[in-house]
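Reviewing the structure listed below.
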Amino acid sequence: MPEANHWNNLLWAVTTEDISRDSSLPWLPRPRRDAVNDYFSRADIRDRLAPALEASIRRCDEQQKNTRLGAYFENLWEFAFTRHPDYRLLHRNLPLRADGCTLGELDFVVQHLPSGATEHWEVAVKFYLQVEGNYWVGPGLRDRLDIKLARMRDHQLPVIGRPEAQSLLWQQAVRVDRQWCLVPGRLFTPLRLGAGREGQYWWADRQTFSRHLEQLEESVEWLPLHKRCWLSKVCDRGETDEPCRQLTSAPLHNPLCVAGLRDGREISRGFIVPDDWAARAHGSLPG
């Protein structure tokens, strides 16, 4: 499998559009994203900081028991906050506990130095597969887009307004001036035979994917991706002993993310799902 390119993943994390533009949430404005991207896109900054990012991720892997993709995504943003000249990281995963109860946890509290404002950021990276029109379900069937957005809107952001939380923040000399949401990711629609063109994100069971392969007029190399390669596009195929025929014949117990490469360039990405995945996804929806 290809190895994750941490620097490319960092650039993906700071530039990729949010998967929703729900107007009830305070999405980070595009100019703020551009300012972060402009800095880390500079060749001199990459040459100087890429080794530090590698070391930072390696250290996090050694220290953290949490191997979730979300934790890796937060590690990328922690690096961005500590290295970008416009930010000062004050807290990460700041718990708010009162009388033995956890009110919530703030992903990041940072100071935006150009404005002097203290900001609470809630961040997440999400990948959802479309089921029944407006429902988008996580590959592992444990998450849904509408539920995630509702939790951010109704709990993760408002928690700092509770009197108990205000008291806890005051004790730690934290006065939040504004809040931002950041939820980049990808949305995958059901694969339609004859589709799968460049830039499209899809999902399919193995039978549909096999039929799709038969219709392709040009040769495409398909690579399975581990989770840290779900972010930026594949730029190095790495070592793989899992050719396309194994993707369609080997036992499949969980959705498998794959990238299609032509002439070494990624042109397609999707999830191959177990045969019963669609039925279980529909069963997870409200009646």
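The values are calculated or read from the model by the stated rules, or taken from the named source; none is laboratory data. Please read all numbers here as calculations on a predicted model, not as lab measurements. Please note: Cβ atoms are built from the backbone with ideal geometry, for glycine as well, and neighbour counts cover all protein chains shown.
Quick one: in the range 193-209, of everything that is among the hydrophobic types (A, V, I, L, M, F, W, C) and out of contact with any Leu (no Cβ under 6 Å at 6 or more places or on another chain), which residue is modelled with the highest pLDDT? The extreme case among them is F209. The condition (being within 19 Å of A165 (Cβ to Cβ) and modelled with pLDDT of 95 or more) is satisfied by just one residue among A80, A117, A98: A117.
If you check R151 against the conditions, is it basic (K, R) and in contact with a Phe, Trp or Tyr (Cβ under 9 Å, 6 or more places away or on another chain)? Considered against the rule, which asks whether it is basic (K, R) and in contact with a Phe, Trp or Tyr (Cβ under 9 Å, 6 or more places away or on another chain), R151 comes out as no. The set of residues in the range 43-54 being more than 16 Å from H84 (Cα to Cα) and loosely packed, with under 10 Cβ neighbours inside 10 Å is empty.
Remark: pairs (first residue in the range 90-103, in contact (Cβ under 8 Å) with a residue 60 or more places away in the chain; second residue small (G, A, S) and part of a strand (DSSP E or B); Cβ separation under 8 Å; 6+ apart in sequence or on different chains) = L96/G104. Given the condition among the small types (G, A, S), in contact with a strand residue (DSSP E or B) (Cβ under 9 Å, 6 or more places away or on another chain) and under 20 Å from P255 (Cβ atoms), answer yes or no: does some residue in the range 119-128 qualify? Yes, that holds for at least one residue. Can you say whether W7 is in contact (Cβ under 8 Å) with a residue 40 or more places away in the chain, more than 14 Å from V125 (Cα to Cα) and not acidic (D, E), as far as the supplied structure shows? In short, yes. The lone criterion from (1) under 15 Å from the mean Cα position of the chain (by Cα); (2) closer than 16 Å to W121 by Cα; (3) exposed (fewer than 13 other Cβ atoms within 10 Å of the Cβ); (4) not hydroxyl-bearing (S, T, Y) left unmet by L76 is number (3). Residues in the range 135-154 that are loosely packed, with under 12 Cβ neighbours inside 10 Å and more than 27 Å from A279 (Cα to Cα): D154 alone. Restricting to the range 165-192, count the residues that are in contact (Cβ under 8 Å) with a residue 24 or more places away in the chain and either basic (K, R) or touching a Leu at 6+ places or on another chain (Cβ under 6 Å) (or both). Selection size over the range 165-192: 10.
Residues in the range 56-72 that are part of a helix (DSSP H, G or I) and surrounded by fewer than 10 Cβ atoms within 10 Å (Cβ to Cβ): E62, Q63.
Looking only at the range 13-29, residues that are over 20 Å from R151 (Cα atoms) and hydroxyl-bearing (S, T, Y) come to 2 in all.
All conditions but one from (1) part of a loop (DSSP other than H, G, I, E, B); (2) touching a helix residue (DSSP H, G or I) at 6+ places or on another chain (Cβ under 7 Å) apply to G133; the one that does not is (2). In the range 16-49, the residue that is farthest from the chain's Cα centre (by Cα) out of those that are within 29 Å of P224 (Cβ to Cβ) and touching a residue at least 40 places away in the same chain (Cβ under 8 Å) is F40.
Restricting the range 20-39 to residues that are touching a helix residue (DSSP H, G or I) at 6+ places or on another chain (Cβ under 7 Å) and over 20 Å from S115 (Cβ atoms), the residue that is surrounded by the most Cβ atoms within 10 Å (Cβ to Cβ) is S20. Counting only strands (runs of 3 or more DSSP E) that fall entirely inside the range 158-228 and contain at least 2 residues that are under 23 Å from T15 (Cβ atoms), the qualifying elements are 178-182, 185-190, 201-205.
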